[in-house]
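Structure, as structure tokens:
The values are calculated or read from the model by the stated rules, or taken from the named source; none is laboratory data. On a predicted model such as this, the values are computed, not experimentally measured, just so you know. When we count neighbours, we look across all protein chains shown, and the Cβ atoms used for this are built from the backbone with ideal geometry, even at glycine.
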Amino acid sequence: MAGWRRMVLLGVLASVGFWLATAPADAQVRGGTLRIGMDADNTTMDPHLSTAAVDRQVYNNVYGKLFDIDAKFGIVPQLVQSWEVKSGGLLYVFKLRRGVKFHDGTDFNADIVKWNFDRMRDPALASPRRSEIAPVKDVKVVDPYTVELALAAPYAPLLSVLTDRAGMMVSKAAVEKYKDDYARNPVGTGPFRFVEWVKDDHLTIKRFDGYWEKGLPYLDEVIYRPIPDQSVRFTAMRTGQIDFMHQIAPKDVAAAKAEKGLKVSEIPSLWWQGIHLNNQVAPFTSKPIRQAIWYAVDRTVIQRVAYQGLGTPAWSPFPSSMWAQDTDFSDWRRDPAKAKAKLAEGGMANGFSFTVKGLPAQVQELQIIQAQLKDVGMDMKIEQLEFGKLLADLNSHNFVALRIGWSGRPDPDGNAHAFLHSKGGLNRVRYSNPKMDELLDAARSEGDQAKRKALYAQVTRIAAEDAPYIWIHHDAEVKVWGEHVKGFEHISDGMIRVKGVSLDKK
Amino acid sequence: MLQLIGRRLLATLPLLLAVSVVVFSFIHMLPGDPAVLFLGEEATPDNLARFRAKLGFDRPLVVQYGDWLGHAVRGDLGRSIRTNQPVTQAIVERLPVTLRLIGMAMLISLCIALPLGIISAVKRNSGVDLASTFFALFGFSTPNFWLGLILIYVFALVLRWLPPSGFDGTRSLILPAITLGTALAALVTRQLRSGMLEVLRQDYVRTAQAKGLADRLVIGKHALKNALISVVTVIGLQIGALLGNTIITESLFALPGVGRLMIDSVFSRDFFVVQGVILFLAVGYVVANLVVDILYSYLDPRIRVH
């Protein structure tokens, strides 16, 4: 009897389980408005003129891009349907997707692609994209849906660059119509069209009915709200003022996880945080002195305390989200004895004193480093600066040591070349090592990923040996959203692609 | 009266000119290059140079100033470096939020300060007086951002009565207005208390009381009106502080007001916006003080004669 009853119960449970498995739990509902809380407002809606990381959030939903990246960092075609690399990486042939329309009704085709490249390359526009696509020598229209990009030298990161702002296609008709006001009147081919932007209040985009991917997007509307204060933004999330939150303070992550109705997703980001040591200014002209700092810093403690256990310690410009990270390398742990030996080797056994410049938001981290350096006899003073001034000092090499981060790029080249190559555009520490230049150039022109990985392992080791930068930390990429938000795919680049997102409640 | 207003307005012209010179030179002295902030860290030197030339930053400062002033007097404050939006349009868009915020802050602070100030003067050294002293001390020494965070925690997160951020009508301005107005309420309470105490000692008050006039009339008509002169002075002077504090309050509560416009453009070195907003605020301050002067002559007929 008891056995029979159990059988029935099991049967009922099994059928409930079956029903749960087949029920349209994941079926996504159409319609609704998603409200996203941002850390800052957009600066411009023109991707060819944008320099702020935050701008890309809206762009990814308004603009179609030639390529995109997937969760595994693979390059996937978007406005390009298929592509071929010829002549040993010197020629790229893009077959474009047909039937794609801009929000203003104009057609997307090869002429438009060429015009976009010409626009980015036009010196008069002074576009920040110009240096990103510098390897592209010529763009040729082969037929209405085929373009050819001729390169001056093989450049492996090209497609990766075209997954970001350089690959975003703007409407020629709209640029010609609005001219300088295009910055407030964007027209792309993305799943959402721009509606209005009331600066510092909200930016609204609505579903584009002519979007080429049938059935997408699900949402009717997305509203971006800039809420600069982290605590207030988190409160807005907890009280249901927003459905989705970008950028949460590490101290709030535990509370977010404990809060009912909220989902927290935490993955490795593309960021690196570190200290720039000016290689042309004493005492950091001396390699052993730079190495002394390398060994004096305890990155694990910083990760635990300043970042509340989020993210990972950094020993190179490559975070764990990248295939280029060399996980076999271990010579980055704190070693006070070695640090002292290096100080002696550099002729400063009694220590020395220097000033590091940084943002007020990084003071806690810098104070931890300060204490760690003090242990081995180095006296680090902290000078807090506002971001604009910090950037100005960085660019004019006006620092001995300077604490700043890099938001990262999907291709490892974008995290390393500009900083470590003697001719790199972001090499403000004026570091120069011919061997390093050679490795970085080789990794840039090599098409095979396994070979590139080996090259970047060497880059990691030489960079650790020379210690022009003291890499400290790779941030975690954390997003918080309400349980009623479905279908968000979290990728390390941190972009909120809302095309596949839907809402439970209407 | 019209003559007074005309004379005062004329007198403000040199003042505004001086403000414009100071603002212009200060922002150009600021470290941090708008070209670098706009074009990004990777900007090449020739891109930077082209950008500066496009905005006219390669010309001598005096020429730049003259050019800007020439347009400003015709009501053209230039355009944002970033969004190309006309600066006047940006200010006009945000003005309603800031004006409502300041208006509500003043209203709230007067609603608190008037009764509290009067009662604590009339019932000197009573429990109410002590409480008001404590309130004044607390209100005046509490930093704006901290008070705002506490209010958000209590009223938005715990009680869920009011929204924590954004501009969505009067309700959304209650917490920011309390944040902004508390210090003013504290100051006015103290000012009114001492003003009342002084007036209550005057002969004419004693006369009025001796006549057998009701307390309500003695305090409300004879004493208060005279004590208010100093209160109006304080409010006039504090308008500048209120305008300044909107920067913090608007940023904290994510309100799209003039204060936030200013601080954001300072951080991004959007020179034309900063210059425009500060000039505009200077005009606003001058006008507010003019209103205060007119109020004086209403409260104190002796001023009208001069």
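Things worth noting here:
- Within segment A:198-227, residues that are within 14 Å of chain B (Cβ to nearest Cβ) and free of Cβ contacts under 8 Å to residues at least 12 places away in the same chain reach partners that are crowded, with 16+ Cβ neighbours inside 10 Å and part of a loop (DSSP other than H, G, I, E, B) with beta carbons closer than 7 Å, at six or more positions or on different chains, in the pairs A:Val198/B:Pro256.
- Set B:Ala210, B:Ala227, B:Ala186: member being surrounded by fewer than 21 Cβ atoms within 10 Å (Cβ to Cβ) and not hydroxyl-bearing (Ser, Thr, Tyr): B:Ala210
- Complete set of residues in segment B:134-175 that are in contact with a Ser or Thr (Cβ under 9 Å, 6 or more places away or on another chain), of a type in the set (A, V, I, L, M, F, W, C) and more than 10 Å from chain A (Cβ to nearest Cβ): B:Phe135, B:Ala136, B:Phe138, B:Phe140, B:Leu147, B:Ile150, B:Leu151
- Unmet requirement for B:Arg201, which otherwise passes all of (1) surrounded by fewer than 22 Cβ atoms within 10 Å (Cβ to Cβ); (2) in contact (Cβ under 8 Å) with a residue 40 or more places away in the chain; (3) over 21 Å from the mean Cα position of the chain (by Cα): (2)
- Filter result (acidic (Asp, Glu) and over 24 Å from A:Gly494 (Cβ atoms)) within segment A:387-432: A:Asp393
- Selection from segment B:21-51 of residues that are within 13 Å of B:Arg269 (Cβ to Cβ) and either modelled with pLDDT of 85 or more or among the aromatic types (Phe, Trp, Tyr) (or both): B:Phe26, B:Phe38, B:Phe51
- Residue in segment A:51-62 that is among the polar types (S, T, N, Q), crowded, with 23+ Cβ neighbours inside 10 Å and not in a helix (DSSP H, G or I) present: no
- Only one of the listed residues (A:Ala282, A:Ala249) is more than 14 Å from chain B (Cβ to nearest Cβ) and free of Cβ contacts under 8 Å to residues at least 40 places away in the same chain. That residue is A:Ala282.
- In segment B:78-111, of all residues being small (Gly, Ala, Ser) and not in a helix (DSSP H, G or I), the one that is nearest to A:Met45 (Cα to Cα) corresponds to B:Ser80.
- Test: residue in segment A:341-355 that is under 19 Å from A:Lys287 (Cα atoms), touching a Leu at 6+ places or on another chain (Cβ under 6 Å), surrounded by 21 or more Cβ atoms within 10 Å (Cβ to Cβ) and modelled with pLDDT of 95 or more: no
- Filtered residue count, segment A:350-394, keeping only those that are in a loop (DSSP other than H, G, I, E, B), away from every other protein chain (no Cβ under 13 Å) and without any contact (Cβ under 8 Å) to a residue 40 or more places away in the chain: 3
- Within segment B:28-63, the set of residues being among the small types (Gly, Ala, Ser) and part of a helix (DSSP H, G or I) comprises B:Ala35, B:Ala49, B:Ala53.
- Residues being within 7 Å of chain A (Cβ to nearest Cβ) and out of contact with any Lys or Arg (no Cβ under 6 Å at 6 or more places or on another chain) - total across segment B:26-44: 9
This table checks each residue for (1) in a helix (DSSP H, G or I); (2) in contact with a Gly (Cβ under 9 Å, 6 or more places away or on another chain); (3) aromatic (Phe, Trp, Tyr).
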site: B:Ile178; (1), (2), (3): yes, yes, no
site: B:Leu184; (1), (2), (3): yes, yes, no
site: B:Val188; (1), (2), (3): yes, yes, no
site: B:Val199; (1), (2), (3): yes, no, no
site: B:Tyr204; (1), (2), (3): yes, no, yes
site: B:Gln209; (1), (2), (3): yes, no, no
site: B:Leu213; (1), (2), (3): no, no, no
site: B:Leu217; (1), (2), (3): yes, no, no
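- Subset of segment A:317-335 (residues that are under 15 Å from A:Lys374 (Cα atoms) and touching a helix residue (DSSP H, G or I) at 6+ places or on another chain (Cβ under 6 Å)): A:Asp335
- Whenever a residue of segment B:72-90 is touching a residue at least 12 places away in the same chain (Cβ under 8 Å), its partners that are of a type in the set (Gly, Ala, Ser) and buried (at least 21 other Cβ atoms within 10 Å of the Cβ), lying with C-beta atoms within less than 6 angstrom and at least six residues away or across chains, give the pairs B:Leu77/B:Gly276; B:Val87/B:Gly276.
- Here A:His397, A:His417 are screened, and the one residue that is over 16 Å from A:Gly358 (Cβ atoms) and either in a loop (DSSP other than H, G, I, E, B) or touching a His at 6+ places or on another chain (Cβ under 8 Å) (or both) is A:His397.
- When A:Ala166, A:Ala150 are screened for being within 14 Å of chain B (Cβ to nearest Cβ), touching an Asp or Glu at 6+ places or on another chain (Cβ under 7 Å) and hydrophobic (A, V, I, L, M, F, W, C), only A:Ala166 passes.
- Filter result for B:Arg124 (closer than 30 Å to B:Lys225 by Cα, more than 13 Å from every other protein chain (Cβ to nearest Cβ), part of a helix (DSSP H, G or I) and of a type outside the set (Gly, Ala, Ser)): no
- Unmet requirement for B:Phe145, which otherwise passes all of (1) under 25 Å from A:Gln230 (Cβ atoms); (2) crowded, with 19+ Cβ neighbours inside 10 Å; (3) in contact with a Leu (Cβ under 6 Å, 6 or more places away or on another chain): (2)
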